[in-house]
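Okay, so here's the structure we're looking at.
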Amino acid sequence: MAKFNNVDLPKDIVKYVYKKIARCVITFMLLESVAILISILSWQTIAAKTGVIFHVCIFVLLAVVPFFVSGFPLKLIDRSWAGTVTDVCVKEKTGAYSDGEGEVFPYPKNVIYLKVRKDDGKEKYIAAKEFGIRHHKGFAVPNEGDVTKHLDDYSEGDKVYHFYGLKHYYIVRKNSEMIECVVCGASNKKEREDCVSCGHSLIKYI
Ligand SMILES: [Zn+2]
């Protein structure tokens, strides 16, 4: 275990997050260098034609774009948090899948949402699981998955954790024998030590 953003996480997961941050910073710096280079090289031609103020605006725009494209702002505002489920509900949404030949088809999907009261008192809805999608040969295709069978897997009082830099939540469910991997989101049996899909350690607080 290693201390990271005020929580104890398995070392391989901390390493994974550091790698993600490094990738984000490198992408940001590369894009920023290109943006600055383009601005400098185009200074004579664009500024002469359009005026200095217009060119400065383009320079600022070019400098800001890499910041958002690289995902940097998300890393800066992200924080680890813990909370408790106060409500479970299902919402109908529309998904889209590609047939692999350029055509995209919409399809209805059901998403299980959890209303979570964070330990700091704020409330938040998180998407826990979705039904109506299946992956086949790299493509997402509609699936008849029955959301009602899985609704009981989640209940009020379940603990939810979000860890800095990780997309998937760690949800401790009283009524389920499964836990999700915080790195790839795959479902695993609670007794497993590492994820069946990506091999990262499974977090086990309880
Ligand atoms: Zn995994």
Looking at the range 193-205, which of its residues are loosely packed, with under 14 Cβ neighbours inside 10 Å and either more than 10 Å from the ligand (Cβ to nearest atom) or farther than 13 Å from residue 16 by Cβ (or both)?
-> 193, 196, 197, 204, 205
Of all residues in the range 6-19, which are surrounded by fewer than 15 Cβ atoms within 10 Å (Cβ to Cβ) and modelled with pLDDT under 90?
-> 6, 8
Residue by residue through the range 166-175, note down the ones that are more than 14 Å from the ligand (Cβ to nearest atom), touching a strand residue (DSSP E or B) at 6+ places or on another chain (Cβ under 9 Å) and not in a strand (DSSP E or B).
-> 173
When you go through (1) part of a loop (DSSP other than H, G, I, E, B); (2) within 14 Å of the ligand (Cβ to nearest atom); (3) of a type outside the set (Lys, Arg) one by one for residue 188, which number turns out not to apply?
-> (1)
Which strands (runs of 3 or more DSSP E) sit wholly inside the range 120-161 and have at least 2 residues that are modelled with pLDDT of 80 or more and not aromatic (Phe, Trp, Tyr)?
-> 123-131
Cβ pairs under 6 Å, 6+ apart, first in the range 43-66 and in the same structural domain as residue 32 (by TED's automatic domain parsing), second aliphatic (A, V, I, L, M) and assigned to a helix (DSSP H, G or I) = 55/46; 55/47; 62/35; 63/35; 66/31; 66/35
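The values are calculated or read from the model by the stated rules, or taken from the named source; none is laboratory data. Predicted, not measured: the structure shown is a model, and the values here were computed from it. Quick reminder, even Gly has a Cβ in these numbers, built from the backbone with ideal geometry, and neighbours come from all protein chains shown.
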